[in-house]
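See below for the structure under consideration.
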Amino acid sequence: MLDDQAALERVDAHATRDVLAAFPAQCRTAAALHPEPAPPGIRPRAVIAAGMGGSAAGGDVVAACALERLDVPIVVHRGYGLPALARPDTLVVASSYSGETAEVVSALETALARGVPAVAITSGGRLARLAEQARVPRVALPGGLMPRMALGFLVFPLLATLDAVGLTVASEAEIAEALGALDALAGVLGPARGAASNEAKQLALAIGDAVPVIYGGPLTGASAYRWKTDLEENAKTFALSGTLPEMNHNEIEAWRAPAGKGLHLVLLRDRDEGGAIARRFALVREMCATVAAGVSEVWGRGEGPLARLLSLAYLGQWTSYYLAILRGEDPWLVPTLEALKSRMASDERR
Ligand code: F6R
């Protein structure tokens, strides 16, 4: 079915395939965006990246890239307000693609109340209005996408914002490399490429009716969580995610029959994971394979951490897209999530 263009287009009624195919172009556009006006170039002691769902994913990617590079922590904050860490010598980056997410608006309000320097990354909404009123620097994003499909707009402007305050997470060469890696992947993961040589179609077919369980390592753990959320929102399936070595100390015990029989394991590998982590992946694979419905292994592309993480995220987007098609679900729509948001918004208006 995945190679039958007409059948695929019938399920993909909102042409999500075109949005995914344009992801490398989105990243190129995003890489040229900067906060306006420029934030004061004072190096913060810590960065708090506030966001929810798809808009928090940019913070996860950047924080993972920064782990081995920056001597300043990047804390991804998912929730209302801000942690006590947010003080005048830190920087808050409030990201909400729509600009209508209550938790992120409340994070910016808290930053303003506490005198914490802030930057907003958004296409509009309440967040843009608040940033404008309070003269907070803002990266103005183009609208029209589903937030989870705007990952490029949430990663690259965050990199530019951090660069402007003296925190360089990815060099220009690494950014160029990541863009090149995505261009190359777009050519081999889209619907025109048959399942025989399309890794994303093969993964979706391998997962089939099973519940996907995605495990990453020290760098790719952030990608594993992103795969889980894309699978949930695009394919409307439960999905689990975890990180090695931590899951070796707890979740591994749950891999038993009969429950394990309904699970498909996907391992997100990385060239720099190191010998001990590679050995742990091998053991997890060996131990889980005896109970799992199936096991797949995928590798990030490229040299730099940004290329490796974004290429894995892009493969996850296409995999969740094809799984949605196989299950007869329009990958664009998220009606339950939107119903909950509008009920919360009407409660707030009362
Ligand atoms: C929907 C999606 C969600 C949103 C989240 C926050 O496509 O991915 O996870 O990202 O509900 O909304 P925004 O990103 O607009 O702040």
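The values are calculated or read from the model by the stated rules, or taken from the named source; none is laboratory data. Bear in mind that the values here come from a model prediction, so they are computed numbers and not experimental data. Heads up, the Cβs are rebuilt from the backbone with ideal geometry, glycines too, and the neighbour counts pull from every protein chain shown. What goes into the accessible areas is simple: the full protein's heavy atoms, side chains included, and nothing from ligands, DNA or RNA. Shrake-Rupley method; radii C 1.70, N 1.55, O 1.52, S 1.80 Å.
Enumerate by residue number the trypsin sites (Lys or Arg not before Pro) in the stretch 142-205 meeting two conditions: DSSP loop (anything except H, G, I, E, B), and at most 11 other Cβ atoms within 10 Å of the site's Cβ. When the trypsin sites (Lys or Arg not before Pro) of the stretch 142-205 are filtered for loop state and at most 11 Cβ neighbours within 10 Å, nothing remains. Could you tell me whether the stretch 119-179 comes out rounded, prolate or oblate from its Cα gyration tensor? Rule is a ≥ b ≥ c as square roots of the eigenvalues, rounded for a/c under 1.5, then prolate if a/b exceeds b/c, otherwise oblate. Verdict is oblate for the stretch 119-179. Sites counted here are chymotrypsin sites (Phe, Trp or Tyr not before Pro) in a DSSP loop (not H, G, I, E or B) having no more than 15 other Cβ atoms within 10 Å; the longest part of the chain that contains none of them is 81-237. Taking a ≥ b ≥ c as the square roots of the Cα gyration tensor eigenvalues, the chain comes out prolate, since a/c reaches at least 1.5 and a/b is larger than b/c. Which of Met146, Met52, Met287 moves most in a GNM of the chain, Cα contacts under 10 Å? Comparing Met146, Met52, Met287 in a Gaussian network model of the chain, the most mobile one is Met287.
How big is the dipole moment of the stretch 31-169 about its Cα centre under a simple scheme where the beta carbon of each Lys and Arg is +1, that of each Asp and Glu is -1, and everything else is neutral? Debye, nearest 20, please. Could you put the intermediate results ahead of the total?
Details: 11 positive and 10 negative charges, 35 e Å.
Using only the charged Cβ atoms, the result is roughly 160 debye.
Heavy atoms only, probe 1.4 Å: what % of the accessible area of the stretch 1-105 goes to carbon and sulfur, would you let me know? Ligands and nucleic acids excluded, carbon and sulfur give 57 percent. Which one of Thr29, Thr101, Thr229 has the biggest mean-square fluctuation once the chain is modelled by GNM with Cα springs under 10 Å? Looking only at Thr29, Thr101, Thr229, the largest GNM fluctuation is found for Thr29. Seen from all directions on average, the stretch 174-326 presents a Cα convex hull projection of 8.4 nm². For the set Ser171, Ser320, solvent exposure ranked by accessible area (probe 1.4 Å, protein chains only) runs largest to smallest as Ser171, Ser320.
Taking 8 Å as the Cα distance limit and 6 or more residues as the minimum spacing, I'd like the relative contact order of the stretch 174-326 as a percentage. Could you put the intermediate results ahead of the total?
Working: 268 pairs, mean separation 53.6, N = 153.
Relative contact order here is 35 percent.
With a ≥ b ≥ c taken as the square roots of the eigenvalues of the C-alpha gyration tensor of the stretch 31-169, please select rounded if a/c is under 1.5 and otherwise prolate if a/b is larger than b/c or oblate if it is not? Note, shape of the stretch 31-169 comes out rounded.
If you run the Gaussian network model on the chain, springs between alpha carbon atoms under 10 Å, then out of Ala150, Ala38, Ala196 the most flexible one is Ala196.
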